[in-house]
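Visitor: This structure is in structure tokens; I'll ask about it shortly.
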Amino acid sequence: MRLLGRLCALLGLTAVIGLLPLLAGRDPALSVLRARSAEREPDAEALASVRRELGLDGGPFELLGRWSSRALHGDLGTSWVSGEPVTGQLGAAISVSVTLTALAALVAILVMTALVARPFVRGLRGQSVAGRAGFAAVLAALPEFLIGSVLLLVFAVRLGWLPTSGWRDLSYAVLPAIALGTPAGAVLAVVAGDALRDALTAPWRRSWTAAGFRVRTIAVAVVRRAGSVVTGQLGIVVAGMFGSAATVEVVFGVPGLGRLAVDAALAQDVPVVQACVLVILLVGAAAGALGAVAQRLLLGPALTDGALEAAAPREITSGRLHLALPAVVVTGVVLWGIWRDPFTVDLAARLLPPSAAHPMGTDALGRDLLARVAHGALHTAALAAGVTALVVVIALLVGVAGRRGSGAADLVNALPAVVVALAVAATAGPGWTSAVVAVAAVAWAPPAAHARSLALEQRGSAHLTAARALGASTRHIMFRHVLPAVVPPVLRNAFVRLPAIALALASLGYLGLGAQPPQPEWGVLLAEGMPNVERAPWVVAFPAAALVLIGVGAVVAAGRMR
Amino acid sequence: MLLRRTLLAAAVLSVCGLTAGCFAGSQAEGPARLRVALPFAPVQSLSPWGDDGVTLTRLGIAETLVRLDPEGRPQPLLAESWTRKSPTTWSFRIRAGVKFHDGTALTAAAAADALSRAAAASPVPRAIKGVGVTAKAAGDLDLEVSTTAPDPTLPQRLSTANLVVLAPAAYQGERVNPAKAGTGPFVLADLDVANGAALARFDGYWDGVPELAGVDVRFVPDGNTRSATLRAGEVDVATNVPISALANVTTEEVPLPRTVSVLLNTAKPPFADPRLRAAVREAVDPAALAKGVYEGHADAATGVFRNTAPRQVTPTGATAGGQKIALATWSDRPELPGVVTAVAESLRGKGFEVEQVVRKYSQLEPDLLAGNFDAVIFSRSYAQDNGDLAANLNLDFSCSGGFNLVKVCDPALDAAIGQALAIEDVPARQAAAMRAQDALLATNAVVPLVHERTIIGRSAGVSGLSTDPYDRLLITSKTSVS
């Protein structure tokens, strides 16, 4: 029954997302004509001809009817733009994306393992398990397209070890997989670090050590215990890479599913969008289900029998000065640059390297980069922090309050923000609100799944059985036991993604949502600077460094919150 | 530990196993094959009736009856010669001895079929839209093409890449399949080209055996990556290299009949006021844009068309009084966002309050057509399809023009355009169009900024690339690589 419900939700969501562009505003005939011939003026005759050819005259509901009756027979129709069967296009893209995602998942796991290995070993030896979330936050803050471009220039162009772009054999997948997997692995490392700390400091570990269990036995048990949280997040991150890798796919010319979905959405190629969305939702649901199964398998009957042992509440990290460093640096830069002019164009002073006159150099239009970074700081940070806070609230509400899984989270998680944004923009119109809604609509899923698995473990803990036996109210249990254990890791999980959210917000600018030039939003600075990354690295390095600082600062701040 | 290793090995193996079927087979790369990186993958299965048509001609797969020389005059290609038999009927003599890639011979009947199919396509190709082209074979090699109204530029129209002549077998119902159906120096084997295509030499090519053994094409959407493929030695030719990625690349620059202009919406305030339009013209500095934003890889414009004599205009000194304007452009062409920011700064200096809008063209167009912007930085080819300046002026700037974004409607301008359209002799017609342009520039509804160039990157050994300003040809039978 539940499966049937999910299936219906899936088909409904697919149909609606695919059809939204039709219901509001933009004429699909114009978009299709544009995709086929970029410069042809759209005269009424040509539009009528396209409309006739595609059968658009019947209106959206007739289209929906035709689509669902065919889809039930496994026929996804033909692309409006190319006239080719959708299944062929989709099949090729899926096999590419599956390979790329598998390799990227491997990279993510390696990165995560490398980042948590040291605190894990120290923890096993009984030393402090203070996680090194700082370095993970640095990696997580690096934009995928920046990692990709740098890898491409170094390993493909300079060293010639790997191909630059295309898709012929496994060597073509290496660089894109690293670009995709590194930030994903860093995000996982933050989650895994928290999970390992909880497992290492749980009371049973002390008993096992006292009982003389071998370190290896304990290590396996700790990994298994922490793995129950990490596998769910791994599934959701992998599903995300499967569906929303469009930026990396463009940099490396990889004909994957993310690119297909975004291109089709821009061209309003409704049959292709629907097919892509359907596949992405299916993969998201499968990844979510696998995560849930893995959690059951790893924890065994203890989860349902209330026999888990939770770690003691975590002590607040004592105030060490270097933790405040990111905030100090960012504030310093803002105070330094806020007095300078971020807008004046000087075509005679293009791409100047850092100097006394321009401490961060100038951009491609001769504008002072320090001024632009400083003026963009408040807006970028405030907006991204606002969206992240919104995401945390949604995640906690859904993850902690909802007892019945987070099917919706699994479903939306993998959708490319651009596809969602187009749907949102079609209904709500362009503007900041649409950008925020679109990004939040996708970004709440990973922390929600995290919150759910943590809450589930808390509820399955032995001390809660005791509390219940003593007559504690549900409310008491929620606020005294569940939330204190769930909120800090979820906050860290959400805030380590803050730079990604800032980038996602900026990436919607070309749809008319969010920041528009000449606003010095950091994501816009990065996007503007990317073409010049090789000859003028500073135009990208400083905004990227600023984004990293904000990311590290956010994680540190979230780590102190209780 | 052993278990973990086994699992890891199994994972790696399964990844590799999965991929075995996922990759397109490696393509043979001999010394005499040319490897090319193009920006746009075919969107419509290489149907000639959309933008994919140009891919067919640029790669030397298919050919048209007529080609244009750099001055825009029609020259023989698959048609050897032509005469105008009556005001509405032209007779074309098809070149003898031309073979399609499937071995069949090019006849007037095949050419007539190709033209008739294009004229019935959905939508009708731009070059023959509203012309009412009908074609029939009058003999084995004699083709008769008629139009509903007298049309002096019919041969030029037939030069557009949308009107390539393919073998009769290529036309299947409403679809076109150009595999093994062209007449060009290179044969397209099959349509599965999303990952690239391997073209073989056509030994039966009518203009001599091609120098190259074949062409390997791949599609790389990102400009910087395209340049990187060339620098890494993976390809011999990369087209549309962005200006920011020119370092360490050997290039050929082709001046295009394409102009970046500020289009001012004259239908509503503030640019209904000619004084404020003059203020815009006086604010912008085309030379600084060409040198700064385009780094010298574009030419400062004196008119909508290249080679316009500089006009002597006395400055009005007009300034704005804080009028709010929305200045839009699109991000698909990499330099336009830079241009819009530089122009916006100049306009602010003239007293305008400027809001910039930069989107993808597909996201911008509905608002653009609805006239929601006060000014647009627009990159427009003025010689598409037929190279006819008069027709382009008529389309963009006459009262009845189908793409009149500036919404200008000036009787003097319409009269001048009408005069140009009435002239049949090509050079005289172009000269009349240049005169009509003066009337247009006097309105200041359009403020030309720069003429663009296209940049082709190539490795040192490549020679014989076509530098066709109409962007229709690239690889020919004379192209070679050492």
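The values are calculated or read from the model by the stated rules, or taken from the named source; none is laboratory data. Predicted, not measured: the structure shown is a model, and the values here were computed from it. Counting neighbours? That spans all protein chains shown, and the Cβs are built from the backbone with ideal geometry, glycine included. To get the accessible areas, we keep the full protein, side chains included, count just its heavy atoms, and leave off ligands, DNA and RNA. Shrake-Rupley method; radii C 1.70, N 1.55, O 1.52, S 1.80 Å.
Visitor: Residues of region A:475-517 losing 40 Å² or more of accessible surface, assembly versus chain alone, probe 1.4 Å, please list them.
Guide: Flagged in region A:475-517: A:Tyr510, A:Gln516, A:Pro517.
Visitor: Apply the Karplus curve 6.51 cos²θ - 1.76 cosθ + 1.60, θ = phi - 60°, to the phi angles in region A:166-172 and return the couplings in whole Hz, x for Gly and Pro.
Guide: Residue by residue, region A:166-172 yields x, 7, 10, 9, 4, 4, 6 Hz.
Visitor: Right, another one. Any idea what diffusion coefficient region B:256-453 gets from Stokes-Einstein, in µm²/s, Kirkwood Rh on alpha carbon pairs, 10 °C, 1.306 mPa s?
Guide: Stokes-Einstein gives a translational diffusion coefficient of 94 µm²/s.
Visitor: Rounded to the nearest 0.05, what FRET efficiency do A:Thr344 and B:Lys324 have when you use their Cβ-Cβ distance and R0 = 22 Å?
Guide: Efficiency at R0 = 22 Å is approximately 0.60.
Visitor: Give me the extension gain from A:Ala401 to A:Arg214: residue separation times 0.36 nm, minus the current Cα-Cα distance, reported in nm with one decimal.
Guide: 63.4 nm
Visitor: Return the average number of partner chain Cβ atoms within 10 angstrom of each residue Cβ along peptide A:528-536.
Guide: Mean shielding by partner chains, rounded to a whole number: 4.
Visitor: Using only protein heavy atoms and a 1.4 Å probe, report how much of A:Asp410 is accessible, in Å² to the nearest 10.
Guide: 10 Å²
Visitor: What does the helix-only formula give at 222 nm for chain B: each DSSP H stretch with n ≥ 4 adding -39500 (n - 2.57), the total divided by the residues, and the result rounded to the nearest 500 deg cm²/dmol?
Guide: On the way: 12 runs with 130 residues, N = 482.
Estimated from H runs of four or more residues: -8000 deg cm²/dmol.
Visitor: Per-residue accessible area for B:Lys324 at 1.4 Å probe radius, Å² rounded to 10?
Guide: Accessible area, nearest 10 Å²: 150 Å².
Visitor: Let me ask you something else. Among B:Pro274, B:Cys399, B:Pro334, pick out the residue whose Cα is farthest towards the positive end of the charge dipole of region B:256-453, where Lys and Arg carry +1 and Asp and Glu carry -1 on C-beta, about the Cα centre.
Guide: Checked the options; the winner is B:Pro274.
Visitor: Does region B:62-174 come out rounded, prolate or oblate, given a ≥ b ≥ c as the square roots of the eigenvalues of its C-alpha gyration tensor, rounded meaning a/c under 1.5 and, failing that, prolate meaning a/b above b/c?
Guide: Working: a/c = 1.39, a/b = 1.17, b/c = 1.18.
It is rounded, given that a/c, with a ≥ b ≥ c, falls under 1.5.
Visitor: Once phi is turned into θ = phi - 60°, what whole-Hz ³J(HN,Hα) does the Karplus curve with 6.51, -1.76 and 1.60 give for every residue of region A:334-346, x standing for Gly and Pro?
Guide: 5, 5, 6, x, 5, 7, 8, 9, x, 10, 5, 8, 9
Visitor: Amide H neighbours of B:Ala328 under 5 Å, counting only residues 5+ apart in sequence or on other chains, H built in-plane at 1.01 Å?
Guide: Correct list: B:Val357, B:Ala375, B:Val376, B:Ile377.
Visitor: Starting from the Cα-Cα distance between A:Leu325 and A:Arg535, subtract it from 0.36 nm times their residue separation and give me the gain in nm to one decimal. Display every interim value, and only then the final one.
Guide: Numbers: separation 210, 0.36 × 210 = 75.60 nm, distance 3.03 nm.
Gain on extension, A:Leu325 to A:Arg535, equals 72.6 nm.
Visitor: Now, a different point. Can you sort B:Arg157, A:Arg66 by solvent-accessible area, 1.4 Å probe, largest first?
Guide: Final ranking, largest accessible area leading: A:Arg66, B:Arg157.
Visitor: Please work out whether region B:423-473 counts as rounded, prolate or oblate from its C-alpha gyration tensor, where a ≥ b ≥ c are the square roots of the eigenvalues and a/c under 1.5 means rounded, while otherwise a/b larger than b/c means prolate and anything else oblate?
Guide: oblate
Visitor: Also: Tell me the label-point distance for the pair B:Arg73, A:Leu110, using the 7 Å Cα-to-Cβ offset, in nm and rounded to one decimal.
Guide: Taking the two extended label points, one gets 6.3 nm.
Visitor: When the convex hull of the Cα atoms of region B:162-315 is projected onto a plane and the area is averaged over all directions, what value comes out in nm²?
Guide: Mean orientational projected area (region B:162-315, Cα hull): 15.1 nm².
Visitor: In whole Hz, with x marking every Gly and Pro, tabulate ³J(HN,Hα) for region A:458-465 from phi via Karplus 6.51 cos²θ - 1.76 cosθ + 1.60, θ = phi - 60°.
Guide: In residue order, the calculated couplings are 4, 5, x, 8, 5, 5, 6, 4 Hz.
Visitor: Run the simple label-point estimate for A:Ala289 and B:Gln172 please: 7 Å along Cα→C-beta, distance reported in nm.
Guide: Each label point lies 7 Å from its Cα, and together they span 3.7 nm.
Visitor: Which value in deg cm²/dmol, rounded to the nearest 500, describes the helix-derived mean residue ellipticity at 222 nm for chain A, given -39,500 (n - 2.57) per DSSP H run of n ≥ 4 and division by the residue count? Write down the numbers at each step before the final one.
Guide: Numbers: 24 runs with 373 residues, N = 562.
Helices in chain A give a 222 nm mean residue ellipticity of -22000 deg cm²/dmol.
Visitor: In addition: Roughly how many debye, to the nearest 20, is the charge dipole of the protein assembly as shown about its Cα centre, given +1 on each Lys and Arg Cβ, -1 on each Asp and Glu Cβ, and no other charges?
Guide: It works out to roughly 4640 debye.
Visitor: Which log10 I(q)/I(0) values, to two decimals, does region A:87-303 give at q = 0.08, 0.13, 0.14, 0.18 Å⁻¹ under the Debye formula with one point per Cα?
Guide: Log10 I(q)/I(0), no solvent term: -0.35, -0.80, -0.89, -1.20.
Visitor: In chain A, if the dipole is taken from +1 on Lys/Arg beta carbons and -1 on Asp/Glu beta carbons about the Cα centre, which of A:Pro326, A:Gly243, A:Pro543 is farthest to the positive end?
Guide: The listed residue farthest towards the positive side: A:Pro326.
Visitor: Dipole of region A:87-303 (Lys/Arg Cβ +1, Asp/Glu Cβ -1, origin at the Cα centre): which of A:Ala108, A:Phe155, A:Leu196 lies farthest to the positive side?
Guide: After comparing all options, I get A:Leu196.
Visitor: In addition: Non-local amide H neighbours of B:Arg258 (under 5 Å, H modeled in plane, Pro and chain starts lacking H): which ones?
Guide: B:Tyr382, B:Glu452
Visitor: Normalised by the number of residues in region B:340-458, what is the relative contact order in percent for Cα pairs under 8 Å and 6+ residues apart?
Guide: 15 percent
Visitor: Can you give me the solvent accessible area of A:Cys8 with a 1.4 Å probe, rounded to the nearest 10 Å²?
Guide: Accessible surface of A:Cys8 is approximately 90 Å².
Visitor: Here's something else I'd like to know. I need the calculated FRET efficiency for the pair B:Ser122 and B:Ala149, taking r as the beta carbon distance and R₀ as 25 Å, to the nearest 0.05.
Guide: Efficiency, from the Cβ-Cβ distance: 0.65.
Visitor: With each label point set 7 Å from Cα along the Cα-Cβ vector, what nm distance links B:Asn372 and B:Glu353?
Guide: Output for this residue pair reads 2.0 nm.
Visitor: Here is a follow-up. Rounded to the nearest 100 Å², what is the sum over both chains of accessible area buried where B meets A, with a probe of 1.4 Å?
Guide: Using a 1.4 Å probe on protein heavy atoms, the buried area is about 5500 Å².
Visitor: Take every DSSP beta bridge with both residues inside the protein assembly as shown and express the antiparallel ones as a percent of the total, to the nearest 5.
Guide: Within the protein assembly as shown, antiparallel bridges account for around 75 percent of the total.
Visitor: Give me the inter-chain shielding for A:165-174: mean count of other chain Cβ atoms within 10 Å, whole number please.
Guide: 6
Visitor: Mind checking the mean number of beta-carbon atoms from other chains within 10 Å of the Cβ atoms in B:355-362?
Guide: That average works out to 6.
Visitor: Between the DSSP loop rule and a limit of at most 16 other Cβ atoms within 10 Å, which chymotrypsin sites (Phe, Trp or Tyr not before Pro) in region A:206-295 are left?
Guide: A:Phe213
Visitor: Compute the Cα gyration tensor for chain B, then decide on rounded, prolate or oblate, letting a ≥ b ≥ c be the square roots of its eigenvalues: rounded whenever a/c is under 1.5, prolate when a/b is larger than b/c in the other cases, and oblate in all that remain.
Guide: Numbers: a/c = 2.07, a/b = 1.20, b/c = 1.72.
Oblate.
Visitor: Carbon and sulfur: what percent of the protein assembly as shown's accessible surface (1.4 Å probe)?
Guide: Ligands and nucleic acids excluded, carbon and sulfur give 62 percent.
Visitor: Shifting gears a bit: Efficiency by 1/(1 + (r/R0)^6): what FRET value for A:Ser69 and A:Arg224, r their Cβ-Cβ distance, R0 = 41 Å, to the nearest 0.05?
Guide: 0.30
Visitor: Right, another one. Using a 1.4 angstrom probe on the protein heavy atoms only, could you order A:Asp368, B:Asp285, B:Asp299 from most to least accessible area?
Guide: Ranked list, largest accessible area first: B:Asp285, B:Asp299, A:Asp368.
Visitor: Which whole-number percentage describes the relative contact order of chain B, with Cα contacts under 8 Å and a sequence gap of 6 or more?
Guide: Relative contact order comes out at 20 percent.
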